[in-house]
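Q: The structure follows.
The values are calculated or read from the model by the stated rules, or taken from the named source; none is laboratory data. Bear in mind the structure is a predicted one, so any value in this text is a computation, not a measurement. Because the Cβ atoms are built from the backbone with ideal geometry, glycine has one as well, and the counts that use them run over all protein chains shown.
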Amino acid sequence: MTSDRDTVHITRSLVSLNTTNPPGNEAQAASFLSNILEKHGFVHKRAAFAEHRASLVAYLGPMTEKPAICFCGHMDTVPLGQAPWQHDPFAGEVDGDRIYGRGASDMKSGLAAMILMAQRLAKEPSLKAGLCLVFTAGEETFCQGARHLAGVTGALPKAGAMVVCEPTSNRPLVGHRGAIHLEVQTKGISAHASMPELGENAIYKAAEAALKLRELDFGLPAHPLLGKPTLNVGTISGGVNINSIPDQATMGVDIRIIPGQDPQTVLASLRSLLGEQTEVRLLDHAPSVATDPQNPWVQEVFEIVETITGHSQGPAAAPYFTDASVLTPALGNPPTLILGPGEAEMAHKTDEYCYISKIEEAVEIYTEIARRWCCS
Ligand SMILES: [Zn+2]
């Protein structure tokens, strides 16, 4: 059994490693995790995409015809933000059932549950299928580490099922929308502010474009679990000084996409809406993830979670996107669930915390999922 002490110790140790991204520095967390896993017989490989920035892939058991089950999580966290913290963000302060700190919910509690499950699986006399753990760097910056990992030949095995250990309060979620980030640029003609008739104001054009984007309807029916696509104009900048007509303005646009949408069709619909005067450029793209709730493995996980938590499970999706956008295709498109002990509402917040009891529950759930996959 996992003792309360192990759970708290590992989670606190992970919280105390500052992996706020930027700059990330995930290599220290990769070393901490690989040291533990090595002692339990895992083979592991690192994939670094920059100095001090490495993802880690660890594997236990045979490479058989039955593909491995994969658990994944990211090691980086978002920065602390401007507001002061009541709890030291890197001390892992414990108060009752709570552990405080940056990343406590998103998602060092998830990493701790993965490690505690791995230690238990390592005690099984013989595994019939492999257990693969993927720890990524740079998830918070558009799945940077996962993308790098997906591009390294032989870094990832073929997987038959995947659990993404992001915060869901231990509720299994069958997918999430994807995301497209775009830059929308308008051009004008500069002139002295006292003679606007001699210029063309790029900010006015951007403002008109923003209002058109607010009304954009992608014309798609809502996906039964992921809902409808949405759009947000998140940034705007333009002009060089207050007394000139601005000749350029730029907006950052975030679009959450559902199955059936891809960057090409989205770009085409924006270009036809905004006209030729506006330039639209793709910055980043992560596909949506949607696993069939009727998949037998998904049904089995629902049953395991129901038994352990006492809560009945119905299909639902995550509001945020995860590394699964990149890793699910890279692992051969296995059925994918997002399921982890953190609290999604705590993610990215000041005085972020997680519940120790949820981490222990996640260890029970993960162990049963892994045991059924690897031992039978
Ligand atoms: Zn996360």
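Q: Is it the case that the stretch 50-61 has a residue that's closer than 19 Å to Gly103 by Cα and among the hydroxyl-bearing types (Ser, Thr, Tyr)? Break it down into steps so the answer makes sense when it comes.
A: So in the stretch 50-61, the residues closer than 19 Å to Gly103 by Cα come out as 52-56.
Next, from what is left, pick out any that are among the hydroxyl-bearing types (Ser, Thr, Tyr): 55.
Yes - at least one qualifying residue is present in the stretch 50-61.
Q: Within the stretch 76-98, restricting attention to residues that are among the hydrophobic types (A, V, I, L, M, F, W, C) and out of contact with any His (no Cβ under 7 Å at 6 or more places or on another chain), which residue is surrounded by the fewest Cβ atoms within 10 Å (Cβ to Cβ)? Give the steps one after another, and end with the answer.
A: Taking the stretch 76-98 and keeping what is among the hydrophobic types (A, V, I, L, M, F, W, C), we get 78, 80, 83, 85, 90-91, 94.
Then keep just the ones that are out of contact with any His (no Cβ under 7 Å at 6 or more places or on another chain); that gives 80, 83, 85, 90-91, 94.
Details: Leu80: 16, Ala83: 9, Trp85: 15, Phe90: 18, Ala91: 13, Val94: 14.
Top of the filtered list is Ala83.
Q: Sticking with this one: Is it the case that Ala91 is assigned by TED's automatic domain parsing to the domain that holds Pro62, part of a helix (DSSP H, G or I), away from the ligand (no atom under 16 Å from the Cβ) and not aromatic (Phe, Trp, Tyr)? Let's see the steps before the verdict.
A: Details: assigned by TED's automatic domain parsing to the domain that holds Pro62: yes; part of a helix (DSSP H, G or I): no; away from the ligand (no atom under 16 Å from the Cβ): yes; not aromatic (Phe, Trp, Tyr): yes.
Here the answer is no, as Ala91 does not meet what is asked.
Q: When you go through Ala58, Ala83, Ala48, Ala54 one by one, which is the residue that is outside any strand (DSSP E or B), within 24 Å of the chain's Cα centre (by Cα) and either away from the ligand (no atom under 16 Å from the Cβ) or not assigned by TED's automatic domain parsing to the domain that holds Ile115 (or both)? Write out each step before concluding.
A: Working: Ala58 fails: outside any strand (DSSP E or B); Ala48 fails: outside any strand (DSSP E or B); Ala54 fails: outside any strand (DSSP E or B).
Ala83 is the lone residue from the list that is outside any strand (DSSP E or B), within 24 Å of the chain's Cα centre (by Cα) and either away from the ligand (no atom under 16 Å from the Cβ) or not assigned by TED's automatic domain parsing to the domain that holds Ile115 (or both).
Q: Regarding the stretch 237-244, can at least one residue be identified that is touching a helix residue (DSSP H, G or I) at 6+ places or on another chain (Cβ under 6 Å) and among the aliphatic types (A, V, I, L, M)?
A: no
Q: Hey, another quick one. So which residues in the stretch 75-127 are within 14 Å of Cys354 (Cα to Cα), out of contact with any Pro (no Cβ under 9 Å at 6 or more places or on another chain) and of a type in the set (Lys, Arg), if there are any at all?
A: The answer is Arg98, Lys108.
Q: Please indicate, with yes or no, whether at least one residue in the stretch 318-331 is away from the ligand (no atom under 16 Å from the Cβ), surrounded by fewer than 17 Cβ atoms within 10 Å (Cβ to Cβ), over 22 Å from Pro229 (Cβ atoms) and modelled with pLDDT of 95 or more. Give the steps one after another, and end with the answer.
A: Initially, the stretch 318-331 is screened for residues away from the ligand (no atom under 16 Å from the Cβ), giving 329-331.
From what is left, the residues that are surrounded by fewer than 17 Cβ atoms within 10 Å (Cβ to Cβ) are 329.
Keeping just the survivors that are over 22 Å from Pro229 (Cβ atoms) gives none.
No, the stretch 318-331 has no match at all.
Q: It is to be established whether one or more residues within the stretch 292-299 are of a type in the set (Val, Ile, Thr), modelled with pLDDT of 95 or more and outside the structural domain of Glu200 (by TED's automatic domain parsing).
A: So in the stretch 292-299, the residues of a type in the set (Val, Ile, Thr) come out as 298.
Narrowing the set further to residues that are modelled with pLDDT of 95 or more leaves 298.
Going one step further and asking which of them are outside the structural domain of Glu200 (by TED's automatic domain parsing), we end up with 298.
Within the stretch 292-299, one or more residues are of a type in the set (Val, Ile, Thr), modelled with pLDDT of 95 or more and outside the structural domain of Glu200 (by TED's automatic domain parsing).
Q: Out of Ala50, Ala58, Ala30, I need the residue that is over 23 Å from Cys354 (Cα atoms), modelled with pLDDT of 95 or more and buried (at least 17 other Cβ atoms within 10 Å of the Cβ). Which one? Give the steps one after another, and end with the answer.
A: Numbers: Ala50 fails: buried (at least 17 other Cβ atoms within 10 Å of the Cβ); Ala30 fails: over 23 Å from Cys354 (Cα atoms).
One residue alone meets the criteria, Ala58.
Q: Next question. Tell me, which strands (runs of 3 or more DSSP E) wholly within the stretch 105-193 include 1 or more residues that are within 14 Å of the ligand (Cβ to nearest atom) and either of a type in the set (Phe, Trp, Tyr) or crowded, with 21+ Cβ neighbours inside 10 Å (or both)?
A: Fully inside the stretch 105-193 and qualifying: 131-136, 159-164.
Q: Turning to a different aspect of this structure: Return the residues of the stretch 249-266 that are in contact with a strand residue (DSSP E or B) (Cβ under 6 Å, 6 or more places away or on another chain) and surrounded by fewer than 20 Cβ atoms within 10 Å (Cβ to Cβ); say none if nothing qualifies.
A: The first filter runs over the stretch 249-266 and keeps only residues in contact with a strand residue (DSSP E or B) (Cβ under 6 Å, 6 or more places away or on another chain), leaving 249-259, 263, 266.
Thr250, Gly252, Asp254, Pro259, Pro263 - these are the residues of the stretch 249-266 that are in contact with a strand residue (DSSP E or B) (Cβ under 6 Å, 6 or more places away or on another chain) and surrounded by fewer than 20 Cβ atoms within 10 Å (Cβ to Cβ).
Q: Can you say whether Thr19 is under 19 Å from the mean Cα position of the chain (by Cα) and closer than 30 Å to Gly151 by Cβ, as far as the supplied structure shows? Reasoning before the result, please.
A: Values: under 19 Å from the mean Cα position of the chain (by Cα): yes; closer than 30 Å to Gly151 by Cβ: yes.
Judged against the criteria, Thr19 is a match.
Q: Touching a Ser or Thr at 6+ places or on another chain (Cβ under 9 Å), outside the structural domain of Ile365 (by TED's automatic domain parsing) and either in contact (Cβ under 8 Å) with a residue 24 or more places away in the chain or part of a helix (DSSP H, G or I) (or both): is that true of Ala206 in this structure? Spell out how you get there, then give the answer.
A: Working: touching a Ser or Thr at 6+ places or on another chain (Cβ under 9 Å): yes; outside the structural domain of Ile365 (by TED's automatic domain parsing): yes; either in contact (Cβ under 8 Å) with a residue 24 or more places away in the chain or part of a helix (DSSP H, G or I) (or both): yes.
So Ala206 passes the test.
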